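First comes the structure, then the notes that go with it.
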C-alpha cells in the first residue's frame with residue numbers, strides 16, 4: 001500500500017444527512033487545465049533549479065498531456081525527472097513554491113465548472129478531497145485556497161529537511177488513487193457507495209469505480225466511451241461544442257510550447273524569432 005500523505009483543512013460541520021459522504025477530485029485536466037507539475041517545473045526554472053533544456057522537456061510533455069491525455073510513460077518520465085531535480089532541495093522551499101505556483105499560474109487555470117461542483121458539495125456539507133499525482137505540498141495549497149477538506153498527493157522522502165530524491169510509497173496515480181481513497185474512507189468513516197469521484201482520465205477508472213457516483217470531466221476518448229457504456233454523467237468544460245474540442249486542444253498544446261519557449265527565452269535575455 002502506498003504511504004500517502006493526507007493534509008486536511010480545518011474541521012467543518014457536516015449535516016447529518018450527508019455524514020459519511022465525500023467527493024474526490026482529480027486535479028490535472030479535471031480541476032484545472034493541463035498538468036500542475038508543469039507549472040511547478042516552470043517556477044523551478046525561474047528559480048534556476050534547472051536548465052532551459054530541462055524545462056522544454058516538461059513543456060513538451062505538458063503539450064502532449066493537454067492534447068491526448070495521460071500517458072503512463074510520460075507520467076513516470078516526469079516523476080523521475082522531478083525526483084532527480086528535487087534531490088537536496090529544502091521541503092520548506094517546495095511549500096513556498098507551491099504557494100507561488102498557485103497564485104501566479106494555477107488559479108487562472110481552474111475550470112469554473114469543476115470549481116462550481118466542489119462548492120456544491122461543500123454547501124451540501126460533504127467532505128471534498130483532491131486526489132492527485134502532484135506533490136502533496138502543491139496539492140495541499142490548492143485544497144487550502146479552494147477551502148476544500150484536504151489533499152492526497154505524491155510524497156517525497158525528506159531527511160533533515162531536504163528531499164532525498166526518493167518517494168514515500170509510489171506516485172499517486174492509477175490504482176494507487178483507489179487505495180488512498182479507501183484509506184481515507186476508513187479513517188474518516190466514509191461510505192464510498194455514497195461518495196462521488198471526478199476525473200478526466202481512463203487511468204483513474206480504479207478511483208471512479210471505488211465510489212458510488214463516478215463522473216467524467218473533460219474525459220479522454222477511452223473514459224468517454226467507458227462513461228457512456230456505463231451511463232456515467234459526463235461534463236466537458238473545455239468547449240461549448242464538442243466539434244471544436246480537438247482543435248481547441250491542438251491549439252492549446254502548440255501554444256504551451258511556444259509560450260513557454262518565448263517566456264523562458266526572455267528570462268535568458270533572448271527573443272525568439
- Task: Using a 10 Å cut-off on Cβ atoms, rank the peptides 150-157, 182-189 from the highest mean neighbour count down.
- Result: 150-157, 182-189
- Give, in nm to one decimal, the length gained when the segment between residue 239 and residue 159 is fully stretched (0.36 nm per residue of separation minus the Cα-Cα distance). 24.3 nm
- Query: Per the Kirkwood treatment, what hydrodynamic radius in Å, one decimal, follows for the range 110-212 from the mean inverse distance over all distinct Cα pairs?
  - Reply: 14.5
- Note on the structure: If the chain between residue 209 and residue 230 were fully extended at 0.36 nm per residue, the gain over the current Cα-Cα distance would be 6.5 nm
- Neighbour-count ranking [beta-carbon atoms within 10 angstrom, fewest first] of 19, 148, 117: 19, 117, 148
- Message: Roughly how far apart, in whole Å, are the Cα centres of the range 144-205 and the range 209-237?
- Response: 20
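Each reported figure results from applying straightforward, stated rules to the coordinates on display, with no laboratory input. This one's a predicted model, so the numbers in the text were calculated from it and none came from an experiment. We place every Cβ from the backbone using ideal geometry, glycine too, and count neighbours over all the protein chains shown.
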